[in-house]
Amino acid sequence: EDQVTQSPEALRLQEGESSSLNCSYTVSGLRGLFWYRQDPGKGPEFLFTLYSAGEEKEKERLKATLTKKESFLHITAPKPEDSATYLCAVQASTSGTYKYIFGTGTRLKVLA
Amino acid sequence: NAGVTQTPKFQVLKTGQSMTLQCAQDMNHEYMSWYRQDPGMGLRLIHYSVGAGITDQGEVPNGYNVSRSTTEDFPLRLLSAAPSQTSVYFCASSRDREYEQYFGPGTRLTVT
């Protein structure tokens, strides 16, 4: 069964304390892996797309990496404004059928 | 450029009532989709469209109808509301199904 699992469910960091969020997946026919940020009461906001193992993308304090089984979102020296829920989504295609599967997210709280 | 807009922002329905959630985008995107977001379950795909006149079912389509008469609009109809449809609904668009999605602000629906 196609599945996307994110860990941890929640994470509290002190400002400046670097950490990583994990997204592991089991799907057939991976087409791409997406990271989104969601603030309370708002829709998800796109961060990164990764298409193949070994690929990395960076934006400010965030860096996303991809292997054949999982993706990591590394947060370097986080600030309170980085507090949000981070969602991972996998797009897969088998026999012409597309699936877009979201994980349940990691709630990040960065304390000043 | 407003992006993806959704109306209403909040709605309360009684069991058995019907209503339409509106979604519009001004990015000329071909792909549009509807998701529901429930605590602990992540975003789940209800229906999607790869272009005007073409729609298909997602993971949880029962109780919902969609149509796509124009590129810009993709309304979601609840035929006979049930308490199980209490959720937050997000509309999203993308230039193609394989690219990142842009989400609207969401509609919080409560069915009593």
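Read-outs throughout are calculated quantities, based only on the coordinates presented, and are distinct from any laboratory measurement. Keep in mind the model is a prediction, meaning the values are calculated, not measured. Here the Cβ positions follow ideal geometry from the backbone for every residue, glycine too, while neighbour counts run over all protein chains shown.
Remarks
- On the basis of the beta-carbon distance and an R0 of 45 Å, residue B:10 and residue A:31 show a calculated FRET efficiency of 0.80.
- Phi-derived couplings, Karplus 6.51 cos²θ - 1.76 cosθ + 1.60 at θ = phi - 60°, listed residue by residue for segment A:77-82: 6, x, 10, x, 6, 7 Hz, with x used for Gly and Pro.
- Whole-Å semi-axes of the ellipsoid equivalent to segment A:4-112 (Cα gyration tensor, √5λ, descending): 25, 14, 11
- Counting only residues at least eight positions apart within a chain, or on another chain, the lysines with an alpha carbon under 20 Å from that of residue A:57 are A:68, A:69, A:79.
- The value of relative contact order for chain B, using C-alpha pairs under 8 Å at least six residues apart, is 36 percent.
- When the alpha carbon coordinates of chain B are projected onto the principal axes, the ranges are 37, 26, 25 Å, largest first.
- Among B:27, B:19, B:41, residue whose mean-square fluctuation peaks in a GNM of chain B (springs only between Cα atoms under 10 Å): B:41
- Coarse-grained scattering of segment B:63-112 at q = 0.13, 0.19, 0.20 Å⁻¹, given as base-10 log I(q)/I(0) from a Debye sum over alpha-carbon atoms: -0.39, -0.76, -0.83
- The mean count of C-beta atoms from other chains within 10 Å of the C-beta of residues in B:30-42, rounded to a whole number, is 2.
- Expressed as a fraction of 2.2 N^0.38 Å, the C-alpha radius of gyration for the protein assembly as shown is 1.02.
- Environment charge of residue B:71, counting only residues whose C-beta is closer than 12 Å and scoring Lys/Arg +1, Asp/Glu -1: -2
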